[in-house]
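Quick notes on the structure that follows.
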Amino acid sequence: MPETTQRDGTGGLVLDGVSSGYGAVAIVKGVSLRVGPGEIVALLGKNGMGKTTLLKTILGLVALRAGSIAIDGRSVAGLSPARLVALGIGYAPQEQPLFQDLSIRDNLRLALASDRLLPEALDRVFGHFPFLKDRLAQRAGTLSGGEQKMLILARALMLRPRLLLIDEISEGLQPSVVDRIAAALTAERAASGTAMLIVEQNLGFALKVADRWAALKLGEIDDEGGIDGTARERILGHLSV
Amino acid sequence: MLLLLDILTTAAILFVVAIGLLAVFGVLKIINFAHGAWLTIGAYCAVVTGKLGLNPWAALPIAFVVGAALGGLAEYVIIRPLYRRPLDAILATWGLGIVVGQLITLAFGRDVQLTPNLLSGTVEILGTGYSAYRLVALVAALVIGAVFALVIERTRLGLSARAVIMNETLARSLGLDTARVRLVVFMIGAGLAALAGVLLTPLTSVDPTMGVGWLIGAFMLVMVADTSFLALAAACLVFGAAQVLVSTFVSPVLGSIAVAVLAALVLRISPKGFSRA
């Protein structure tokens with residue numbers, strides 16, 4: 001963590017009393033959370049607690065019903081996903097995350113607004129995941145589960161985002177792949193000072209990459225803290241049934 | 001041989017008429033029932049071009065531009081506000097088709113219009129004369145199909161359109177301006193419908209309701225083809241063949257409903273139509 005990064009103030013992502021949901025159902029209820037510049041915060045919780053909906057609300061895919069969302073001091077509530085991505089938010093979704101029938105190259109291309117930036121962006125993500133380089137023409141749907149997850153993350157990194165939203169990237173992966181992904185995230189943060197909000201159920205992975213954690217329960221922040229000696233015990237309490 | 005040419009040219013005409021509808025169906029996920037009205041608009045562009053004394057072929061680019069511009073307006077004013085209510089949007093396109101038909105009647109009357117001949121005469125093929133214009137229609141279909149394929153496979157717009165067809169939510173979350181993609185594709189679909197309307201003028205009478213029959217056929221073809229334009233080409237060949245063979249050997253009346261009956265049968269047997277082939 002670079003010393004120059006501001007931990008207080010208005011930098012990074014600031015959620016204040018954020019509520020959202022679908023139809024008559026409220027999913028996220030008054031969540032206040034901050035991810036400082038260059039900070040990695042793990043959002044943990046069991047299935048159905050509203051973690052994914054919170055990420056989608058930040059990205060403008062689900063409408064904000066109450067509260068405010070600011071990025072680097074600027075309110076972004078009500079902006080379209082296109083505007084938010086242009087402002088530097090990268091998103092690695094969990095559900096149907098790839099265009100299965102498109103090539104790896106086209107999947108990566110779609111992260112950029114213009115092909116002019118493609119060679120440079122590709123070079124950057126090849127640095128994290130060299131295997132993509134020789135397989136650009138391969139259909140994304142034919143990759144193994146771990147390779148697909150790495151492609152999802154690579155695509156989110158194409159734009160060199162200042163804020164990265166990651167939804168259960170470690171799900172179902174063998175430990176060696178989880179380690180590669182963790183290494184890519186910390187390397188990207190070191191190189192670009194990227195702030196990250198990572199939704200996780202894999203405690204080991206979360207403890208490894210995050211600076212702080214928060215537990216979401218039924219749409220509300222139930223507990224939060226730094227990554228310290230007590231973190232594992234406390235988080236386990238929130239993840240157990 | 002002549003039968004084969006008839007089949008190929010019939011398929012070509014079906015393809016030209018249906019491809020704009022297919023593009024709109026894929027990206028906007030609605031059937032544009034105003035497609036027939038845009039065919040009519042295109043045909044009347046040919047009428048106006050003739051009255052102005054311009055070269056008849058000039059009607060093709062004019063119709064494409066007029067069709068695309070009016071299509072853009074329709075998408076922006078009528079279809080976009082109904083984006084979250086697809087059934088209402090489909091109903092709105094049906095109403096729009098009626099309104100366009102009435103406006104054309106107001107402006108030009110109910111009568112059949114005459115258009116200048118794009119190309120007359122016959123070409124000698126294996127000792128018999130064959131309509132030169134039908135061969136032109138075949139070439140036009142091949143050109144339109146090739147350009148369409150190039151745009152879809154090789155351009156940024158084509159990639160964006162494919163992304164929206166495959167998974168619109170994901171496309172949106174990657175920052176694609178999906179509203180813009182929908183607008184542009186609708187404009188292209190409307191422009192292609194108008195272009196097809198011009199190409200139809202030598203083959204059919206031009207009146208305010210001319211688009212309706214073609215719309216039904218195109219609708220059936222798109223249902224069978226789903227969103228794959230190769231499947232559309234295959235469906236046009238099969239159904240065009242059926243139409244020509246039934247018309248030639250059974251009865252022209254049955255031939256004209258062959259497409260509808262066959263499409264219903266195909267969808268009954270295989271709900272995914274030709275797109276899995």
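Some points to look at:
- Residue that is nearest to A:Leu59 (Cα to Cα) [pool: residues in region A:198-213 that are not in a helix (DSSP H, G or I) and not hydrophobic (A, V, I, L, M, F, W, C)]: A:Glu200
- Residue match in region B:230-252 (condition: within 14 Å of another protein chain (Cβ to nearest Cβ) and among the β-branched types (Val, Ile, Thr)): no
- Region B:155-167 - residue that is touching a helix residue (DSSP H, G or I) at 6+ places or on another chain (Cβ under 6 Å), closer than 24 Å to A:Leu55 by Cα and without any contact (Cβ under 8 Å) to a residue 60 or more places away in the chain and, of those, farthest from the other protein chains (Cβ to nearest Cβ): B:Ser160
- Residue match in region B:143-153 (condition: within 30 Å of A:Phe99 (Cβ to Cβ) and within 14 Å of chain A (Cβ to nearest Cβ)): yes
- Boolean, A:Glu120 is acidic (Asp, Glu) and assigned to a loop (DSSP other than H, G, I, E, B): no
- Residue check for B:Val206: in contact with a strand residue (DSSP E or B) (Cβ under 6 Å, 6 or more places away or on another chain) and of a type in the set (Val, Ile, Thr): yes
- Members of region B:16-45 that are at positive phi and crowded, with 24+ Cβ neighbours inside 10 Å: none
- Within region A:8-117, strands (runs of 3 or more DSSP E) holding 2 or more residues that are within 14 Å of another protein chain (Cβ to nearest Cβ) and either buried (at least 18 other Cβ atoms within 10 Å of the Cβ) or in contact with a helix residue (DSSP H, G or I) (Cβ under 9 Å, 6 or more places away or on another chain) (or both): A:89-92
- Filtered residues of region B:238-277 (kept if basic (Lys, Arg) and either under 18 Å from the mean Cα position of the chain (by Cα) or at pLDDT 85 or above (or both)): B:Arg268
- Test for A:Ile58: is it closer than 18 Å to A:Ala156 by Cα and modelled with pLDDT of 95 or more: yes
- Region A:114-135 residues that are of a type in the set (D, E, K, R), paired with ones that are assigned to a helix (DSSP H, G or I) and at pLDDT 95 or above (beta carbon under 6 Å, 6 or more apart): A:Lys133/A:Phe126; A:Arg135/A:Ile104
- Counting only helices (runs of 4 or more DSSP H) that sit wholly inside region B:56-156, those with at least 2 residues that are over 21 Å from B:His35 (Cβ atoms) are B:132-154.
- Residue in region A:118-132 that is within 14 Å of another protein chain (Cβ to nearest Cβ) and either under 17 Å from the mean Cα position of the chain (by Cα) or not acidic (Asp, Glu) (or both) present: yes
- Qualifying positions in region A:136-158 - assigned to a loop (DSSP other than H, G, I, E, B) and touching a helix residue (DSSP H, G or I) at 6+ places or on another chain (Cβ under 7 Å): A:Leu136, A:Ala137, A:Gln138, A:Leu143, A:Met158
- Per-region count, region B:223-258, residues within 17 Å of B:Phe25 (Cβ to Cβ), buried (at least 20 other Cβ atoms within 10 Å of the Cβ) and among the β-branched types (Val, Ile, Thr): 1
- Comparison of B:Val112, B:Val48 shows that the only residue that is touching a residue at least 60 places away in the same chain (Cβ under 8 Å) and either basic (Lys, Arg) or surrounded by fewer than 19 Cβ atoms within 10 Å (Cβ to Cβ) (or both) is B:Val112.
- Cβ-Cβ contacts under 8 Å between residues 6 or more apart (or on different chains), taken from a first residue in region A:190-214 that is over 16 Å from A:Leu239 (Cβ atoms) to a second residue that is at pLDDT below 95 and in a strand (DSSP E or B), are listed as A:Asp211/A:Gly226; A:Arg212/A:Glu224; A:Arg212/A:Gly225; A:Arg212/A:Gly226.
- Those residues of region B:115-130 which are among the hydroxyl-bearing types (Ser, Thr, Tyr) and either within 23 Å of B:Thr49 (Cα to Cα) or without any contact (Cβ under 8 Å) to a residue 60 or more places away in the chain (or both), in sequence order: B:Thr115, B:Ser120, B:Thr122
- Just so you know, in region B:177-202 the residues that are without any contact (Cβ under 8 Å) to a residue 40 or more places away in the chain and either aromatic (Phe, Trp, Tyr) or out of contact with any helix residue (DSSP H, G or I) (no Cβ under 6 Å at 6 or more places or on another chain) (or both) include one that is farthest from the other protein chains (Cβ to nearest Cβ), and it is B:Val184.
- Residues of region B:1-51 classified as of a type in the set (D, E, K, R) and in a helix (DSSP H, G or I), total: 2
The values are calculated or read from the model by the stated rules, or taken from the named source; none is laboratory data. Since we're looking at a predicted model, the values are computed, not measured. Reconstructed Cβ throughout: ideal geometry from the backbone, glycine too, with neighbour counts over all protein chains shown.
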